[in-house]
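Here is the structure we will look at, set down as structure tokens.
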Amino acid sequence: MDQKTNEEMLMFVEKATAGDKEALETVLLSAQDLVFNLSLRMLGTFADAEDAAQDILLKIMTHLSSFQKQSAFSTWVFRIAVNHLKNYKKHMFAQRPLSFEFYGTDIENGKSGEVPDLTQDVEKSLLAEELKLSCTNVMLQCLDAESRCVFVLGTMFKLDSRIAGEILDMTPEAYRQRLSRVRKKMADFLKIYCGEYGGGKCRCEDRVNYAIQSHRLNPKQLDYTEAGEIPLQTMLEVKKAMEETDDFAQNFAFCKPYEAPERTKRFVREFLDSPQLSVIRNAEGRG
């Protein structure tokens, strides 16, 4: 988490729970990239991920005194975030759920060749890259919430099965089996339909205008290609990577970590300077 060891984070947590505002800021800013990236993969869009990340960061702050140090701080953060996101109902795909069947039918039947040029003078290759990253992330919404968690923790964050199982309240063996099944399901779909990460006929560049017409791509708002990509190590101290359970890793290169948007960073700093912080701390003190 922001290249800090667990021991360093424990020190900051102790100071933060004792009332040190700068330590609290360090804790929250260190967690923000992890929280945002998990939210993005779980919810499918930048806007929904930003909103959920703010909610989760508030939960981390208000529950910080309950952290018992029986696990790594990042594991505790993951658990809070996962529990929040699995039950999060305010995102777009909670209202309009997806399935692999729907996605496949859209690829098969979408008449992309009949759509006029809608690129608005934006380079088509740039739009195709944005569509590729967006499409594969939205594809995760075809999984149920727990399967999505399993996939993201194992494929993007590369957590070992003991830690991931602890976060999801399942045994390491059950987690490994579930991860293998979910990764195979994703890989099979990519193999059939996706020409970017599999052997399918769908090519992002051919579907750019269709995606714009169907409001899946906005040439004036390229969230993925404009986001700052970061190494996994800046979010998480990875001492033991997830053991490989299958041969599908090359299929999931789209699981890239991004820097939390400026709005999320600004939210943390503005909240720490607001009267609400004192209200929450006073409430914690009375509790």
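The values are calculated or read from the model by the stated rules, or taken from the named source; none is laboratory data. This one's a predicted model, so the numbers in the text were calculated from it and none came from an experiment. Note that each Cβ is placed from the backbone with ideal geometry, even for glycine, and that neighbours are counted across all protein chains shown.
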query: Residues in segment 180-217 that are in contact with a Lys or Arg (Cβ under 7 Å, 6 or more places away or on another chain) and in a helix (DSSP H, G or I): how many?
result: 3
field: Among residues of segment 48-94, those that are hydrophobic (A, V, I, L, M, F, W, C) and either part of a loop (DSSP other than H, G, I, E, B) or without any contact (Cβ under 8 Å) to a residue 24 or more places away in the chain (or both), counted
entry: 5
task: Could you please give the count of residues in segment 66-110 that are more than 30 Å from Cys135 (Cβ to Cβ) and either assigned by TED's automatic domain parsing to the domain that holds Gly165 or surrounded by 14 or more Cβ atoms within 10 Å (Cβ to Cβ) (or both)?
output: 6
task: Return yes or no: is Lys220 of a type in the set (Lys, Arg), farther than 18 Å from Phe100 by Cβ and either assigned to a helix (DSSP H, G or I) or in contact (Cβ under 8 Å) with a residue 24 or more places away in the chain (or both)?
output: yes
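Is it the case, given these coordinates, that Asp121 is more than 22 Å from Ser39 (Cα to Cα) and surrounded by fewer than 20 Cβ atoms within 10 Å (Cβ to Cβ)? It would help to see each step written out before you state the result.
Details: more than 22 Å from Ser39 (Cα to Cα): yes; surrounded by fewer than 20 Cβ atoms within 10 Å (Cβ to Cβ): yes.
Taking the combined requirement at face value, the residue satisfies it.
Given the residues Arg176, Arg148, Arg162, which is the only one that is outside the structural domain of Leu43 (by TED's automatic domain parsing), crowded, with 17+ Cβ neighbours inside 10 Å, more than 15 Å from the chain's Cα centre (by Cα) and part of a helix (DSSP H, G or I)? Please lay out each step first, then the result.
Numbers: Arg148 fails: more than 15 Å from the chain's Cα centre (by Cα); Arg162 fails: crowded, with 17+ Cβ neighbours inside 10 Å.
Selected residue: Arg176, the only one of Arg176, Arg148, Arg162 that is outside the structural domain of Leu43 (by TED's automatic domain parsing), crowded, with 17+ Cβ neighbours inside 10 Å, more than 15 Å from the chain's Cα centre (by Cα) and part of a helix (DSSP H, G or I).
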- request: Can you confirm whether segment 40-56 contains a residue that is of a type in the set (A, V, I, L, M, F, W, C), under 20 Å from Thr5 (Cα atoms) and out of contact with any Leu (no Cβ under 7 Å at 6 or more places or on another chain)?
  value: no
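Kindly evaluate Ala211 against the criterion of being without any contact (Cβ under 8 Å) to a residue 24 or more places away in the chain and of a type outside the set (D, E, K, R).
On the way: without any contact (Cβ under 8 Å) to a residue 24 or more places away in the chain: no; of a type outside the set (D, E, K, R): yes.
Criteria not met by Ala211.
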message: Looking at segment 60-68, can you tell me whether even one residue there is out of contact with any Leu (no Cβ under 7 Å at 6 or more places or on another chain), under 18 Å from Cys142 (Cβ atoms) and of a type outside the set (Val, Ile, Thr)?
response: no
message: Which numbered condition in (1) under 30 Å from Lys265 (Cα atoms); (2) of a type outside the set (D, E, K, R); (3) modelled with pLDDT under 95; (4) surrounded by fewer than 17 Cβ atoms within 10 Å (Cβ to Cβ) is the only one that Ala227 fails?
response: (4)
- prompt: Counting just the residues of segment 1-46 that are surrounded by fewer than 20 Cβ atoms within 10 Å (Cβ to Cβ) and of a type in the set (Lys, Arg), which one comes out nearest to Lys256 (Cα to Cα)?
  reply: Lys4
